[in-house]
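Any read-out appearing in this document is the output of simple, stated calculations on the displayed coordinates, not a laboratory observation. This is a predicted model, so every value here is computed, not measured. Glycine also receives a Cβ, built like all others from the backbone with ideal geometry; neighbour counts cover every protein chain displayed.
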Amino acid sequence: MAAIQHPPIPHTGPLASYWSRQVQELVLLPVTEFEAGQRERHQLYSLLTMALVACYWNGNKYGQQGNYPWRAKQRQPNQSGYVGGDYLGHNIASIAVDGQGEVIDFDFNHNEILASSVEHAESRLIRRVFSLTQLFDDWDTADSGSQTGTVGEPFTPARTPYSTLLNRVTIYTSLESCSQCSGIMALGSVKAVVFLHRDPGQNSIGNILYNLRPQGERYLPPLPIPADTFGLSYFGELNAGYEQFAAELKNNPESCVFLPDDPSKKRERSPSVTSFLCTDLAHDVFNRALQEFTQLKEVQYPDFAPPQEEGQPKPHNNAWVLQHLQRFLSYAIRKGQRGTPHKL
Ligand SMILES: [Zn+2]
């Protein structure tokens, strides 16, 4: 019997124009050319994101008892296991930056501590930024319908509409986003998402959503910006490191990610990106980024700032941004782990 097909034929909308074209046309994006000052600016935020990963390093993906052959350099000197402590989630951090260049907040992947496969850094961060705006509702300012907010009278606090609230926000994330996070960023109309490492398992979903963006100003998917477009050398290192890790696990039957102390338990051989993010290869890259960031004393383009948009505050220049980001790292370290279970 012939299978009955129910093709979701789009009669209107962006998908219609791709219906009979090559898949690659739906995936490829034009390469963005940044001027030197903007390249430096993207690098500064990227370095902060990498520094956060290094400072909150999670390495013990399969627990603290056992052997990680790819983490020999992370062994504690007293042989009491590896650095990283309890595994809260994967080594993935994100920051949200507003139109002026100020960091709004940061977050991490917390899959493990929340026993969930959806507690990703970007989606947690977007949901937090939305809830922060509620904290700042001006509850004491009545709208035109009521001066006092008298019980029983309609009262609407002054608030920027949530549908366009994030359309000047850029997310920097240490790993390319999945479909969940790309979807949440699209619903939030985030302006751009800068990623510092490719995740080949995500099928370039961020690019696809961007190419299918609707008309108008709501639910606009962010522009994906891979970090090689502004010359971040760590981007190539992370991608090459992961390829090396995955090839070795595939081609060498002796190679493995984790050896449990108990030989009857499973040797882990899965070449996942998140396992790579625990290795010495990745640890070394993130630590070098941390050092570069904390040792940075001045920028090459101190006066550079993106153009001021009409009706918006003037963006800060790169010199201000460097100071701001270095202070933010101190704050983030003092603040401790984000998103532990007492917070939603
Ligand atoms: Zn995700």
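Just to confirm my numbers, what's the Cα centroid distance between the stretch 19-96 and the stretch 97-114 in Å?
A separation of 14 Å, based on Cα centres.
Which residue fluctuates most in the GNM of the chain (Cα springs below 10 Å): ALA227, ALA16, ALA332?
Top of the fluctuation ranking is ALA16.
Report, to the nearest 10°, how far helix 36-55 tilts away from the longest principal axis of the Cα atoms in the chain, using its own Cα long axis and a range of 0 to 90°.
So the helix axis and the longest Cα principal axis differ by about 60 degrees.
Place the peptides 202-211, 56-65 in order of packing, highest mean first, counting for every residue the other Cβ atoms within 10 Å and averaging per peptide.
202-211, 56-65
Just want the answer: with Cβ charges of +1 for Lys and Arg and -1 for Asp and Glu, which residue in ASN239, HIS42, LEU209 is farthest toward the dipole's positive end in the chain?
Positive-end residue among those listed: ASN239.
Going highest first, how would you order 234-244, 181-191, 43-53 by mean Cβ packing within 10 Å? Please list the in-between numbers first.
On the way: 234-244: 18.2, 181-191: 23.0, 43-53: 24.9.
Per-residue Cβ counts within 10 Å, averaged per peptide and sorted highest first, yield 43-53, 181-191, 234-244.
Would you please give the FRET efficiency between GLU254 and LEU29, computed as 1/(1 + (r/R0)^6) with r the Cβ-Cβ distance and R0 = 30 Å, to the nearest 0.05?
Numbers: r = 40 Å, r/R0 = 1.34.
After rounding to 0.05, the efficiency reads 0.15.
Taking N as the number of residues in the stretch 190-344, what is its alpha-carbon radius of gyration divided by 2.2 N^0.38 Å?
Working: Rg = 20.3 Å, N = 155, 2.2 N^0.38 = 15.0 Å.
Computed over Cα atoms of the stretch 190-344, the ratio equals 1.36.
Return the subset of LYS61/LYS297; LYS73/LYS335; LYS250/LYS335; LYS191/LYS250; LYS61/LYS191 for which the Cα-Cα distance in this structure is over 30 Å, preserving the input order. Present the calculation step by step, with values, prior to reporting the outcome.
Working: LYS61/LYS297 35 Å; LYS73/LYS335 28 Å; LYS250/LYS335 40 Å; LYS191/LYS250 38 Å; LYS61/LYS191 33 Å.
Among LYS61/LYS297; LYS73/LYS335; LYS250/LYS335; LYS191/LYS250; LYS61/LYS191, the Cα-Cα distance tops 30 Å for LYS61/LYS297; LYS250/LYS335; LYS191/LYS250; LYS61/LYS191.
Provide the packing ranking of 290-298, 215-223, i.e. peptides ordered by the mean count of other C-beta atoms within 10 Å per residue, highest first. The partial results should precede the final answer.
Working: 290-298: 13.2, 215-223: 16.3.
So the peptides 290-298, 215-223, ranked by packing, come out 215-223, 290-298.
Under Stokes-Einstein, with the Kirkwood radius over Cα pairs standing in for Rh, what whole-number D in µm²/s applies to the chain at 20 °C and 1.002 mPa s?
On the way: Rh = 22.2 Å.
In µm²/s, the coefficient is 97.
Looking at the chain only, what percent of DSSP beta bridges run antiparallel? Nearest 5 please.
60
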